[in-house]
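Quick notes on the structure that follows.
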Amino acid sequence: MEFKASHILVKDQKTAEMLYERIKKGENFESLARQYSTCPSKSKGGDLGWFKEGQMVAPFENAVRKMSTGSISRPVRTQFGYHIIKKYGVRG
């Protein structure tokens with residue numbers, strides 16, 4: 001199984017919650033990723049491309065697995081910080 005997703009990674013929950021609310025109000029996910037994310041994927045609007053099971057840390061992968069395509073997650077905590085995830089697809 002493979003997943004396609006983007007994310008915004010920030011260090012603290014307060015920032016993650018603020019960004020989640022802004023996205024829910026209609027702000028552009030990719031623009032916010034470029035501005036706020038601490039991940040190198042920020043230059044691509046948070047795009048992580050396609051990834052296989054086991055490539056991401058468990059809390060991130062578990063969240064993506066449960067999401068429906070096109071949805072945006074509430075902040076997900078991992079050892080790297082807090083992720084807001086946008087799922088684009090699943091295959092395999």
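Looking only at the stretch 1-34, count how many residues are in a helix (DSSP H, G or I) and over 18 Å from residue 47 (Cβ atoms).
Here is the first cut: in the stretch 1-34, the residues in a helix (DSSP H, G or I) are 13-24, 29-34.
Retained after the next criterion (residues that are over 18 Å from residue 47 (Cβ atoms)): 13-18, 20-22, 24.
Residues in the stretch 1-34 being in a helix (DSSP H, G or I) and over 18 Å from residue 47 (Cβ atoms): 10 in total.
Show the residue pairs meeting these rules: Cβ distance below 8 Å; 6+ apart or different chains; first residue within the stretch 1-21 and in contact (Cβ under 8 Å) with a residue 12 or more places away in the chain and open to solvent by 50 Å² or more (accessible area, probe 1.4 Å); second residue assigned to a loop (DSSP other than H, G, I, E, B) and not charged (D, E, K, R).
Short answer, once both residue conditions are applied: 1/92; 11/38; 13/75; 17/75.
Can you name the residue in the stretch 22-54 that is surrounded by 15 or more Cβ atoms within 10 Å (Cβ to Cβ) and among the hydroxyl-bearing types (Ser, Thr, Tyr) and, of all such residues, is farthest from the chain's Cα centre (by Cα)?
Restricting to residues being surrounded by 15 or more Cβ atoms within 10 Å (Cβ to Cβ) and among the hydroxyl-bearing types (Ser, Thr, Tyr), the top hit is 36.
Output the residues belonging to the stretch 45-86 that are among the basic types (Lys, Arg), in contact (Cβ under 8 Å) with a residue 12 or more places away in the chain and farther than 19 Å from residue 21 by Cβ. Before you say what the answer is, go through the steps one by one.
Looking only at the stretch 45-86, we keep the residues that are among the basic types (Lys, Arg), and these are 52, 65-66, 74, 77, 86.
Of the ones still in play, those that are also in contact (Cβ under 8 Å) with a residue 12 or more places away in the chain are 52, 65, 74, 77, 86.
Scanning the stretch 45-86 gives 52, 65.
Could you check the stretch 55-68 and list, in sequence order, the residues that are part of a loop (DSSP other than H, G, I, E, B) and surrounded by 12 or more Cβ atoms within 10 Å (Cβ to Cβ)? Can you show your working first?
Of the stretch 55-68, the ones part of a loop (DSSP other than H, G, I, E, B) are 55-57, 67-68.
Result: 55, 56, 57, 67.
The values are calculated or read from the model by the stated rules, or taken from the named source; none is laboratory data. Note that the structure is a prediction, hence the values are computed from the model and not measured. Here the Cβ is made from the backbone with ideal geometry for all residues, glycine too, and neighbour counts use every protein chain on show. Just so you know, the surface numbers come from the protein's heavy atoms only, side chains and all, with ligands and any DNA or RNA stripped out. Shrake-Rupley method; radii C 1.70, N 1.55, O 1.52, S 1.80 Å.
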